[in-house]
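Here's the structure, in C-alpha cells; my notes come after.
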Amino acid sequence: MSAVATLTEVEPREVELEPPPERDQRRERDQPPERDQPPELERELPPRPPSRREAGRAPAPRPAASHPRPSLAPLGGLLAIAALLPLRGVWAVDVVLVGLVFTVPGVVALRAARVPSVAVSGYPIYIPIAALFVVIAGGLAGDLVGPLLGISKPLHGTTTALFTLALSLVLWLLGIRAPTAARFPWRSALERPSLLAPLVLPVLAGAGAQLLTNGHGALSARAAAVLTVGAFGFCLLFAHRLSRAQVGTLLFACSLAAEWAFSIRSQEVLGFDISTEIHLAQSVQAAGIWHPAHNNAYGAMLSITVLPSTLAALTGCSPLIAFKVLYPVLAALIPVSVFLIGERIMPRRFAVGAAALLVAQNYFFETLPQLARQEIALVFFAALVFALLDQRMCLAVRLRVVVAAAAALVVCHYSSTYLAVPLVVGAIVVQVAISRFRTLPAVAAALVCTAATLVAGAALWYGPITDSAGNLTSFTANVDKGGLEVLPNQHGNFILSYLSGNELNSVSGRRFEQLAVESYHGKTYIHPLPAATQPQFASRTATLPVAKGRLTSLADAVQALATLLGELLLAFGVIGALMMAFGRYRRHTTRMVGILALATVPMLVLIRFSGTLAEAYNQQRALLQSLMLLALPAAWLAERIGHRLRRRGPAVGAAAIAGLSLLFASQLGVTDMIFGGADSVNLSQHGEDFERFYMTPAELAGAAWASAESSHQLLYADRYGQLRLFASTGRVAFTNLTPATIDRHAWVYGDRTNVVLGRARGEIGDSDSTYDWPATFLRTYFNTVYTDGDSKVFHR
C-alpha cells in the first residue's frame with residue numbers, strides 16, 4: 001500500500017528517449033496529446049556549441065564530489081523488524097511488520113542494484129516487488145542452508161526471518177557506496193498523507209465481507225460494492241484533473257476493494273485451485289521444511305510453499321491470512337502498473353482507461369484471488385514489463401532488474417512462465433522484422449536477457465531441480481495423441497463457434513452418467529452394485545432455483561454489453577498493437593509496447609481455438625496475463641480515434657466511461673442488486689458460486705473425517721465436494737459420482753450443497769452437469785456413518 005502512496009510528480013532529470021508524459025498539468029491538461037515524433041528526432045541531441053561570449057568566460061568551478069554516505073533509515077527499519085519479531089501475534093504489531101517487510105528490504109535491494117531514485121519515483125511499485133524478491137530469496141536460503149547448520153525445521157520459528165534480515169543487511173552493505181541518485185526521496189513521497197483516504201474503500205469491502213460471513217446480513221457488503229463502483233467511475237471521469245498519485249491510489253483502492261470482497265468471504269479460502277494451495281502451504285509450514293525434489297508442479301512453486309511460511313515468520317500472518325489478505329494487496333498493484341506504463345505513451349485519462357479495462361474484468365478481482373501462485377507471478381511479470389520499457393535506468397541496471405524479475409516469475413508459477421516465454425521470444429522476432437524498415441535496433445539486450453533467463457530458468461527449475469515438468473510432458477502427449485482439437489464446441493456458423501470457444505457444454509444428468517460409466521471403463525477395481533442400473537436410481541438433471549429478476553430484459557442487455565465490450569477490447573488491442581508496432585512515426589516506448597502486445601496475440605488465438613491447449617492452460621488466465629499488455633494499445637487506439645473525432649470526442653468519452661462503469665458494476669454484482677438476477681457470492685449467502693466454493697467449518701470437519709477413515713480405500717465426492725477434501729487434507733477423490741459408478745465398498749462424502757440442497761456437480765472432458773444428488777440410492781444401500789448438519793459420509 002505504501003508504494004501507491006509514493007506516486008509523486010517527480011520527473012526524470014536525465015535525457016530520455018521520449019519526453020515525460022506531463023510537464024505542466026495546468027497548461028497541457030485540456031490540450032490534445034502531442035503527436036509522436038519521428039524516431040530520428042527522439043534521440044539525444046548533441047550539446048550546443050558555446051557562443052563567443054561564453055567561450056571567453058572562464059568555466060565555473062565544479063563542486064567537489066561528495067563521498068556517498070550510508071543511508072541509516074533502511075538500517076533502522078531492519079533493526080525495527082528484528083526488535084518486533086518477538087511480539088508477533090499482536091495484530092497491531094503484525095500490521096506494522098507487514099508495512100516494514102514490504103518496504104525496507106525492497107529499498108535496500110534497489111539501492112544495492114543501483115536503481116536510480118528517478119526510476120523508483122516513476123515506478124514506486126519497484127519497492128514492494130523488490131521486497132518480495134528478498135523475502136523469497138531469504139526464505140529459500142534459510143530452507144536450504146538451515147539443515148546444514150543443524151536446524152531440522154528451518155520453516156518453523158524465526159530461522160527464515162533471520163536469514164531474510166541477514167540478506168537485507170548484506171544488501172544494505174552493498175548499497176553503502178551507491179550514488180545519491182539511488183536513494184528514494186521519502187520526504188516528498190510522504191508529505192501528502194491525504195492520498196491514503198481512498199484506502200478506506202478496501203477496508204469497508206473487507207469488513208462487509210466478514211460481516212456477511214458471520215451472518216450479519218449483506219447491507220455492508222452491498223454498500224461497499226456501490227461505493228467501489230462510484231469511486232471507479234469518479235476516477236475515470238476526473239482522471240485528467242487528478243494527479244498521478246491520486247489516480248494510482250484510487251486504482252489501487254478500487255482493485256483491492258473488489259478483490260477483498262471475494263477473498264475475505266468465508267472463514268476459509270474461496271475458490272478451486274486455492275483449496276489445494278492452502279493445504280500445501282499449511283503442510284509445508286507444519287513440516288518445517290521444503291524439499292526441492294518434487295514430482296508435481298504445485299509443490300515446486302515457492303509462492304505457495306516457502307513464501308507463506310517466511311511471511312509467517314516475519315509478520316506473524318498465517319498462510320491463510322497471507323492468501324486471503326496479503327496476496328490480493330500485491331495483486332492490486334497490477335492495474336497501477338498498467339496505468340504507469342500507459343501514462344508514458346498517452347494522456348492520463350486514457351492511461352486510466354487502460355488500467356480500468358483490467359480492473360473491470362471479473363477474472364481479475366474474482367478469479368485471480370483464487371490462484372495464489374499466479375497472483376505473485378503476475379506481480380513480477382508486471383515489474384518485468386515495466387523494466388523492459390524503463391528508459392530511466394542504464395542498461396546494466398535494467399539487466400539486473402529484468403533477470404531478477406524473470407527468475408522470480410519462474411519459481412512462482414509455471415503456467416505464467418510458459419506464457420511469458422513465447423511472448424518474449426515472439427517480441428524479439430517481431431522487433432527484428434520491424435527493424436528492417438523502421439528506425440529501431442534489431443536486437444534489444446534486455447529482451448534477449450529476459451528470454452534467456454526464462455528459458456534457462458524454466459529448464460533448470462522444472463527439470464533437474466524440482467522434477468516438476470509433468471504437466472508439460474502431459475500436454476505434449478495429448479498433442480501427439482489428438483492434435484490441437486480446433487474449436488471442439490462447434491455450433492453451426494463460425495461466429496457462434498468462436499464465441500463458445502472452449503467453454504464447457506452443459507449436459508443432462510442421464511448423459512453425464514453415461515459419460516461417467518465410459519470414463520471408468522477399464523478400471524477393474526471398481527465394482528458397482530447390480531441395483532445401480534435400476535431406473536429409479538438413474539441420474540436426473542437438477543432443478544436450479546430461478547433468480548427473481550425485476551428487469552430481466554435489461555439484465556440480459558447488460559450481460560450482452562459485457563460480452564460485446566470484451567470482444568471489442570480484444571479487437572482494439574490487436575489493431576492498436578499493429579499500429580503501434582508498425583507505425584511510421586512513433587516513440588520508442590510506444591513501439592515497444594506495441595511489439596510486446598502483438599507478441600501475445602498468437603498464444604491467445606491458439607488457446608481460444610485449441611481445445612487441447614485450453615485444457616492445459618485456462619484461457620481466462622491467459623487472457624488476464626495478456627490483457628496487462630493488450631489493454632494499452634486498446635486505450636491508445638481509442639485516444640487516436642477520439643483525437644480525430646474532436647467534435648464528438650466528449651460524447652464518445654462519456655459513453656466509454658459509462659460502458660466501463662456498467663461493466664464493472666455488472667461483474668461486481670451491483671447490477672444484480674438493481675435489476676435482479678443471479679446472486680454473486682460477495683453479496684449474498686446463496687447462488688451458484690456460493691454453492692460451489694463457499695466452505696463451512698463443518699464441511700471441512702466432515703471432509704477431514706472421511707479422508708482419515710477411508711485411508712487406502714476408494715473415496716467419492718462430487719466435483720466441488722472434492723474442494724473440501726483438498727482444503728482439509730489434500731485427498732484426491734473420484735468425482736464422477738453416480739449410482740452406476742460408485743463402488744460397493746466405497747466411502748462417499750457429501751457437502752452441504754449435496755446433502756441439504758440435493759444437488760451435485762460433475763465435469764468430464766468438455767462436458768459438465770448439475771444433477772440430483774443420489775440420496776435415495778445412498779440411503780437404500782449405504783449407511784450414514786458421519787453427519788454434522790452440513791456434511792455426511794456414507795459407507796457399507
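The values are calculated or read from the model by the stated rules, or taken from the named source; none is laboratory data. This structure is a prediction, so every number in the text was calculated from the model and none was measured. Cβ: placed from backbone, ideal geometry, glycine included. Neighbour counts: every protein chain shown. Ligands, DNA and RNA are stripped out before the accessible areas are found, and what is left, the full protein with its side chains, is counted by its heavy atoms. Shrake-Rupley method; radii C 1.70, N 1.55, O 1.52, S 1.80 Å.
Of the residues contained in segment 754-772, none is found to be modelled with pLDDT under 95, farther than 14 Å from Ala516 by Cα and among the hydroxyl-bearing types (Ser, Thr, Tyr).
May I ask you to list the residues in segment 638-665 that are under 20 Å from Cys254 (Cα atoms) and either open to solvent by less than 20 Å² (accessible area, probe 1.4 Å) or in contact with a Pro (Cβ under 6 Å, 6 or more places away or on another chain) (or both)? Hits for segment 638-665 are Gly659, Leu663, Phe664, Ala665. Entry remark, segment 279-312: residues being open to solvent by 10 Å² or more (accessible area, probe 1.4 Å), in a helix (DSSP H, G or I) and of a type outside the set (Gly, Ala, Ser) number 6 in total. For segment 315-330, the criterion of being under 25 Å from Thr563 (Cα atoms), in contact (Cβ under 8 Å) with a residue 12 or more places away in the chain and within 11 Å of the chain's Cα centre (by Cα) is met by none of the residues. Scan segment 103-121 for residues that are surrounded by fewer than 24 Cβ atoms within 10 Å (Cβ to Cβ) and touching a Leu at 6+ places or on another chain (Cβ under 7 Å) and the total you get is 1. Checked against the criterion of being under 18 Å from the mean Cα position of the chain (by Cα) and in contact (Cβ under 8 Å) with a residue 60 or more places away in the chain, segment 282-294 has no qualifying residue. Leu148 meets all of the listed conditions (1) in contact with a helix residue (DSSP H, G or I) (Cβ under 7 Å, 6 or more places away or on another chain); (2) modelled with pLDDT of 90 or more but one, namely (1). Within segment 79-90, residues that are more than 10 Å from Thr315 (Cα to Cα) have Cβ atoms under 7 Å from residues that are open to solvent by less than 80 Å² (accessible area, probe 1.4 Å) in these pairs: Ala80/Leu100; Ala82/Leu165, counting only partners at least 6 apart in sequence or on another chain.
For Thr276, are the conditions met, namely being assigned to a helix (DSSP H, G or I), touching a residue at least 60 places away in the same chain (Cβ under 8 Å) and open to solvent by less than 10 Å² (accessible area, probe 1.4 Å)?
Considered against the rule, which asks whether it is assigned to a helix (DSSP H, G or I), touching a residue at least 60 places away in the same chain (Cβ under 8 Å) and open to solvent by less than 10 Å² (accessible area, probe 1.4 Å), Thr276 comes out as no.
Of Val424, Val429, all but one fail to be assigned to a helix (DSSP H, G or I) and open to solvent by less than 30 Å² (accessible area, probe 1.4 Å); the exception is Val424.
In segment 358-378, is there at least one residue being without any contact (Cβ under 8 Å) to a residue 40 or more places away in the chain and on the phi < 0 side of the Ramachandran plot? Taking every residue of segment 358-378 in turn, none turns out to be without any contact (Cβ under 8 Å) to a residue 40 or more places away in the chain and on the phi < 0 side of the Ramachandran plot. The set of residues from segment 140-158 being buried (at least 17 other Cβ atoms within 10 Å of the Cβ) and within 20 Å of Met301 (Cα to Cα) comprises Leu140, Ala141, Gly142, Asp143, Gly146, Pro154, Leu155, His156. Taken over segment 521-550, the residue count meeting the criterion of being closer than 20 Å to Leu714 by Cα, open to solvent by less than 60 Å² (accessible area, probe 1.4 Å) and at pLDDT below 85 is 0. When segment 226-239 is limited to residues that are buried (at least 16 other Cβ atoms within 10 Å of the Cβ) and touching a residue at least 60 places away in the same chain (Cβ under 8 Å), the one that is farthest from Ser680 (Cα to Cα) turns out to be Ala239. In the set (1) of a type in the set (A, V, I, L, M); (2) open to solvent by less than 80 Å² (accessible area, probe 1.4 Å); (3) at pLDDT 90 or above, the condition left unmet by Ala55 is number (3).
If you go through segment 440-460 and pick out every residue that is open to solvent by 30 Å² or more (accessible area, probe 1.4 Å), aliphatic (A, V, I, L, M) and at pLDDT 90 or above, you end up with 7. Within segment 633-685, being farther than 16 Å from Ala360 by Cα, more than 21 Å from the chain's Cα centre (by Cα) and either of a type in the set (Asp, Glu) or modelled with pLDDT of 85 or more (or both) holds for Trp636, Leu637, Ala638, Glu639, Arg640, Ile641, Asp679, Leu683, Ser684, Gln685. In segment 578-586, the count of residues that are farther than 19 Å from Leu357 by Cα and crowded, with 22+ Cβ neighbours inside 10 Å is one or more.
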